[in-house]
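K.L.:
Below you will find the structure I want to go over with you.
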Amino acid sequence: MSAVAVDGVWKFYGDYPALRDIRLEAPEGSCLALIGRNGAGKTTLLRTVAGFMRPGRGSIRILGKSPRETETRRSMGFIGHGIAVYDELSAIENLTLYGRLYGLPDPKKSAVEWLERTGLERVRNGLVREFSRGMRQRLAVARAFLHEPRVLLLDEPFTALDDRAIAVLQRLLREALAANKTIVLSTHQLREALELASHVALLARGQVAFHGPCTPEMVSDPGYVYARYGEG
Amino acid sequence: MGFFRQVLVVTSKDLRAELRTKEAINASLAFALVILVLFSFAFDPLEETTRAISGGLLWIVFAFAGALVFNRSFTRELPNDCLDALVAAPVSAPALFLGKSLANYVLVLAMELIALVVFGVFYNVHWTQFFWQLMLVVALGNWGMTVIGTVFSALTVNLRLREVMLPLLIYPMLLPALAAAMQLTGYLVTGTPISSQNIAWLQMLAGFDVIFTAVSLVLIEHVLVG
């Protein structure tokens, strides 16, 4: 069974089709890198897959179920453009809140554990608004991984990360793949993404220009996919 | 996690965030007090007509000051895209809505209770004469305002002119509830208790609350997921 299956999805903004007949699959335990120029539809696709908006046509299944089903949402982790933590709350309060929302058996214990794993235990009681950008990003990573999701949807996760946060995220993503979790990530940082990816999908003007396994040529030359299948 | 536990988690999160910043409650309370004091200069508190319209004045103040709280309800989720994380979490949309509504209810009620005391002082009305009946009217009127305010706050959260759009949308919807609350408050502060003569207003207010709570719970998933 595919962990993520996108079948004939169209998404319209008014009359403009931002996604056109997208068909993609990500097998369980795989890492699918969504690449494409600005405006290609990567964010719209990820947000639609995450269930933040409904497709105009077509269907999306995550672990065989609709993205809006409660069980699916429990199995899904999302990192978008925002860090999705509250500035007025402390790091531990934020993670405990999400732990409660995800119904974890001991939200506080999980929160402490993830603060340690992301190197934020020292500032656990600090308000997020006082955090540096890198610390905020690491907290966002902790928030997304807190409930041990089986499917991770990451929208440009390496953007604006400092080197420490990139290292933390890459380590966590490798651990997730080793634990047979599925990752779908959109990115412009091809080198970081292709090092992790088992599959690649190139989007161009809302359509899939290429979808297939990640090959050694792609890893050695990140511009290869654009040159071969894209707009050069 | 059970439905009511989800509701309480969302409510406590909103109240904790608001108590840290006090953005909505301070603005709402300051607005209510200033308007009440200004109105008291405009109308002679010793005149009978002033007492007759004081219920209406009070609910106009509640409605305008309440809109400041409702505006913040979903806007609070915009920085850092927190709304995405809430929508992605395995929390039912009705639980999210009720949680936010309860937090708004508490904040607006706090503003109303303080404003009521000021109202009693400046308008020479006997607001404590039928205190519990007045509290019932405030509780029901507040819930009606809160339900409509919260659902439209969710609906307008992504609009550029949301601060303008929210009042424009909620006041026409609130007309039946506000009319009933104004009438009942007018009776109570002028010494007329709720009786068979005017209980239809109370029934209308309660009916409004039940209907719009049910409609909001059904529609909120469609409001949050476009």
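K.L.:
Would it be correct to say that B:R51 is over 23 Å from B:L169 (Cα atoms), surrounded by 19 or more Cβ atoms within 10 Å (Cβ to Cβ) and either among the basic types (K, R) or within 14 Å of chain A (Cβ to nearest Cβ) (or both)?
P.N.:
Details: over 23 Å from B:L169 (Cα atoms): yes; surrounded by 19 or more Cβ atoms within 10 Å (Cβ to Cβ): yes; either among the basic types (K, R) or within 14 Å of chain A (Cβ to nearest Cβ) (or both): yes.
Taking the combined requirement at face value, the residue satisfies it.
K.L.:
Would you pick out the residues in region A:26-47 that are out of contact with any helix residue (DSSP H, G or I) (no Cβ under 9 Å at 6 or more places or on another chain) and farther than 16 Å from A:L152 by Cβ?
P.N.:
Start the filter on region A:26-47 by keeping residues that are out of contact with any helix residue (DSSP H, G or I) (no Cβ under 9 Å at 6 or more places or on another chain), which leaves A:26-28, A:32, A:38-46.
Passing the criteria: A:N38, A:G39, A:A40, A:G41, A:T44.
K.L.:
Inside region A:1-120, counting only helices (runs of 4 or more DSSP H) that do not spill past its ends, which hold 1 or more residues that are away from chain B (no Cβ under 14 Å)? Spell out how you get there, then give the answer.
P.N.:
On the way: elements: A:42-49, A:70-74, A:91-101, A:107-117.
So the answer is A:42-49, A:107-117.
K.L.:
Any chance region A:147-159 includes a residue that's under 18 Å from A:T118 (Cα atoms) and among the aliphatic types (A, V, I, L, M)? Steps first, answer last, please.
P.N.:
Going residue by residue through region A:147-159, those that are under 18 Å from A:T118 (Cα atoms) are A:147-149, A:152, A:154, A:157-159.
Then keep just the ones that are among the aliphatic types (A, V, I, L, M); that gives A:152, A:154.
Among the residues of region A:147-159, at least one is under 18 Å from A:T118 (Cα atoms) and among the aliphatic types (A, V, I, L, M), which makes the answer yes.
K.L.:
Looking at region B:59-91 only, could you name the residues that are part of a helix (DSSP H, G or I) and at the interface with chain A (Cβ under 9 Å from one of its Cβ atoms)?
P.N.:
Narrowing region B:59-91 to residues part of a helix (DSSP H, G or I): B:59-75, B:79-88.
Scanning region B:59-91 gives B:P79, B:N80, B:D81, B:C82, B:L83, B:D84, B:A85, B:L86, B:V87, B:A88.
K.L.:
With respect to the numbered conditions (1) over 23 Å from B:L78 (Cα atoms); (2) touching a residue at least 60 places away in the same chain (Cβ under 8 Å), which one is the sole condition not fulfilled by A:A140?
P.N.:
(1)
K.L.:
For the structure I just gave you, tell me whether B:A95 is more than 13 Å from every other protein chain (Cβ to nearest Cβ), in a helix (DSSP H, G or I) and of a type outside the set (S, T, N, Q). Talk me through it step by step, then tell me what you get.
P.N.:
Working: more than 13 Å from every other protein chain (Cβ to nearest Cβ): no; in a helix (DSSP H, G or I): yes; of a type outside the set (S, T, N, Q): yes.
So B:A95 does not fit the description; no.
K.L.:
If I ask for residues that are of a type in the set (G, A, S) and surrounded by 22 or more Cβ atoms within 10 Å (Cβ to Cβ), which ones from region A:111-148 would you list? Steps first, answer last, please.
P.N.:
Pass one, region A:111-148, residues of a type in the set (G, A, S): A:111, A:119, A:126, A:132, A:134, A:140, A:142, A:144.
Scanning region A:111-148 gives A:A111, A:A140, A:A142, A:A144.
K.L.:
On to the next question. Failed condition for A:S198, given (1) at pLDDT below 85; (2) closer than 22 Å to A:L46 by Cα; (3) of a type in the set (S, T, N, Q), with all others met?
P.N.:
Every condition holds for A:S198 apart from (1).
K.L.:
When you check A:D162 against the structure, is it in contact with a helix residue (DSSP H, G or I) (Cβ under 7 Å, 6 or more places away or on another chain), at the interface with another protein chain (Cβ under 9 Å from one of its Cβ atoms) and surrounded by fewer than 22 Cβ atoms within 10 Å (Cβ to Cβ), yes or no?
P.N.:
Working: in contact with a helix residue (DSSP H, G or I) (Cβ under 7 Å, 6 or more places away or on another chain): yes; at the interface with another protein chain (Cβ under 9 Å from one of its Cβ atoms): no; surrounded by fewer than 22 Cβ atoms within 10 Å (Cβ to Cβ): yes.
It is false that A:D162 is in contact with a helix residue (DSSP H, G or I) (Cβ under 7 Å, 6 or more places away or on another chain), at the interface with another protein chain (Cβ under 9 Å from one of its Cβ atoms) and surrounded by fewer than 22 Cβ atoms within 10 Å (Cβ to Cβ).
K.L.:
Cβ-Cβ under 8 Å, sequence separation 6+ or interchain: first residue in region B:123-136 and more than 13 Å from B:L113 (Cα to Cα) and touching a residue at least 40 places away in the same chain (Cβ under 8 Å), partner of a type in the set (S, T, N, Q) and part of a loop (DSSP other than H, G, I, E, B). Which pairs?
P.N.:
Short answer, once both residue conditions are applied: B:V125/B:T190; B:H126/B:T190.
K.L.:
From the set of residues in region B:112-161 that are in a loop (DSSP other than H, G, I, E, B) and within 29 Å of B:L224 (Cβ to Cβ), which is nearest to the chain's Cα centre (by Cα)? Before you say what the answer is, go through the steps one by one.
P.N.:
Keep residues of region B:112-161 that are in a loop (DSSP other than H, G, I, E, B), which gives B:124-130, B:157-161.
Among the residues that remain, those that are also within 29 Å of B:L224 (Cβ to Cβ) are: B:157-161.
Numbers: B:V157: 18, B:N158: 21, B:L159: 21, B:R160: 23, B:L161: 21 Å.
Among those that are in a loop (DSSP other than H, G, I, E, B) and within 29 Å of B:L224 (Cβ to Cβ), it is B:V157.
K.L.:
Residue under question is B:A63, and the condition is that it be modelled with pLDDT of 95 or more, within 21 Å of B:M145 (Cβ to Cβ), among the small types (G, A, S) and under 15 Å from the mean Cα position of the chain (by Cα); does it hold? Before you say what the answer is, go through the steps one by one.
P.N.:
Working: modelled with pLDDT of 95 or more: yes; within 21 Å of B:M145 (Cβ to Cβ): yes; among the small types (G, A, S): yes; under 15 Å from the mean Cα position of the chain (by Cα): yes.
Taking the combined requirement at face value, the residue satisfies it.
K.L.:
Taking B:A103 and the conditions (1) under 26 Å from B:Q6 (Cα atoms); (2) modelled with pLDDT under 95; (3) not acidic (D, E), which numbered condition does it fall short on, given that it satisfies the others?
P.N.:
Evaluating B:A103 over (1) under 26 Å from B:Q6 (Cα atoms); (2) modelled with pLDDT under 95; (3) not acidic (D, E) leaves (2) as the failure.
K.L.:
Could you tell me whether B:G55 is closer than 30 Å to A:A140 by Cβ and not basic (K, R)?
P.N.:
Values: closer than 30 Å to A:A140 by Cβ: no; not basic (K, R): yes.
No, not satisfied.
K.L.:
Between residues in region A:37-52 that are within 19 Å of A:G77 (Cβ to Cβ) and residues that are hydroxyl-bearing (S, T, Y) and buried (at least 21 other Cβ atoms within 10 Å of the Cβ), which pairs lie under 7 Å by C-beta distance while being six or more apart or on different chains?
P.N.:
Note: pairs meeting the criteria are A:K42/A:S186; A:T43/A:S186; A:L46/A:S186.
K.L.:
List the number of the failed condition for B:D44; all other conditions in (1) surrounded by fewer than 22 Cβ atoms within 10 Å (Cβ to Cβ); (2) of a type outside the set (G, A, S); (3) away from chain A (no Cβ under 13 Å); (4) assigned to a helix (DSSP H, G or I) hold.
P.N.:
With (1) surrounded by fewer than 22 Cβ atoms within 10 Å (Cβ to Cβ); (2) of a type outside the set (G, A, S); (3) away from chain A (no Cβ under 13 Å); (4) assigned to a helix (DSSP H, G or I) applied to B:D44, the lone miss is (4).
K.L.:
Right, another one. Provide a single number: the residues in region A:191-206 that are within 15 Å of the chain's Cα centre (by Cα), farther than 22 Å from A:A18 by Cβ and in a helix (DSSP H, G or I).
P.N.:
3
K.L.:
Look through B:A180, B:A139, B:A214, B:A200 and report the one residue that is surrounded by 23 or more Cβ atoms within 10 Å (Cβ to Cβ) and without any contact (Cβ under 8 Å) to a residue 40 or more places away in the chain. Spell out how you get there, then give the answer.
P.N.:
Numbers: B:A139 fails: surrounded by 23 or more Cβ atoms within 10 Å (Cβ to Cβ); B:A214 fails: surrounded by 23 or more Cβ atoms within 10 Å (Cβ to Cβ); B:A200 fails: surrounded by 23 or more Cβ atoms within 10 Å (Cβ to Cβ).
It is B:A180.
K.L.:
Kindly evaluate A:G134 against the criterion of being farther than 23 Å from B:L8 by Cβ, assigned to a loop (DSSP other than H, G, I, E, B) and away from chain B (no Cβ under 14 Å).
P.N.:
Numbers: farther than 23 Å from B:L8 by Cβ: yes; assigned to a loop (DSSP other than H, G, I, E, B): no; away from chain B (no Cβ under 14 Å): yes.
So A:G134 fails the test.
K.L.:
Would you please name the residue that is surrounded by the fewest Cβ atoms within 10 Å (Cβ to Cβ), looking only at residues in region B:1-41 that are at the interface with chain A (Cβ under 10 Å from one of its Cβ atoms) and at pLDDT below 90?
P.N.:
That would be B:G2.
The values are calculated or read from the model by the stated rules, or taken from the named source; none is laboratory data. Nothing here was measured: the structure is a model prediction, and the numbers come from that model. When we count neighbours, we look across all protein chains shown, and the Cβ atoms used for this are built from the backbone with ideal geometry, even at glycine.
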